[in-house]
Amino acid sequence: MTRQDGYVMLMNVLVVSVTLITVSAAVALALARGGTRGPVTERSRAAQRLAEACAEVALYELQQSPSYAGNETVTIGGLPCTIRPVIAGPPLRLQAEATADQETYRIEIQVDDPQGVGIGSWKRVATFD
């Protein structure tokens, strides 16, 4: 093996080593970022599921009694959520919110037909008007 062959081999080892270190660092950073976002996303999903269940309760109550006024706290799976007072329409509006693990999720539903519970829109809102 000549001296030049030794340099070529050394350069190859250096290139491969740098490449492996770069890929390892990128993977480590991606995992670190994913680890911090995961719990927040899961908490947000828990709050979303609870708020949606609360909204379903409000829709059910409205279907059972067109004069349903809302303005109550219900417990679902041991966790409380709030159905705000029904806002007369047209369209009638239902608002529900829930907090799970310090994440709050709010839903507003526009009901076009309270008798048949025809939903005009169902959306997440940052705040209630």
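Couplings for segment 51-67, taken from phi via the Karplus curve 6.51 cos²θ - 1.76 cosθ + 1.60 with θ = phi - 60°, read 5, 5, 5, 4, 5, 5, 4, 4, 5, 4, 4, 5, 5, 6, 9, x, 8 Hz in order; Gly and Pro are left as x. If the chain linking ARG124 and ALA26 were pulled fully straight, counting 0.36 nm for each residue of separation and taking away their Cα-Cα distance, it would gain 31.8 nm. Distant-in-sequence amide contacts of ILE119, defined by a placed amide H-H separation under 5 Å and a gap of 5 or more residues or a different chain, comprise ASP112. Taking every protein chain into account, the 1.4 Å probe leaves ASP112 with about 100 Å² of accessible area, to the nearest ten. The local environment of PRO90, defined by Cβ-Cβ distances under 12 Å, has a net charge of -1 under the rule Lys, Arg +1 and Asp, Glu -1.
A simple rule links phi to the HN-Hα coupling: the Karplus curve 6.51 cos²θ - 1.76 cosθ + 1.60 with θ = phi - 60°, which for segment 77-91 gives x, x, 10, x, 9, 10, 9, 6, x, 5, 9, 4, x, x, x Hz, with x for Gly and Pro. Each label was represented as a point 7 Å from its Cα along the Cα-to-Cβ direction; for ARG49 and ASN71 these points are 3.2 nm apart.
The values are calculated or read from the model by the stated rules, or taken from the named source; none is laboratory data. Computed from a prediction, not measured in an experiment: that's the story for all the values here. As a convention, Cβ positions derive from the backbone with ideal geometry for all residues, glycine included, and neighbour counts pool all protein chains shown. These accessible areas exclude ligands, DNA and RNA; they are computed on the full protein's heavy atoms, side chains included. Shrake-Rupley method; radii C 1.70, N 1.55, O 1.52, S 1.80 Å.
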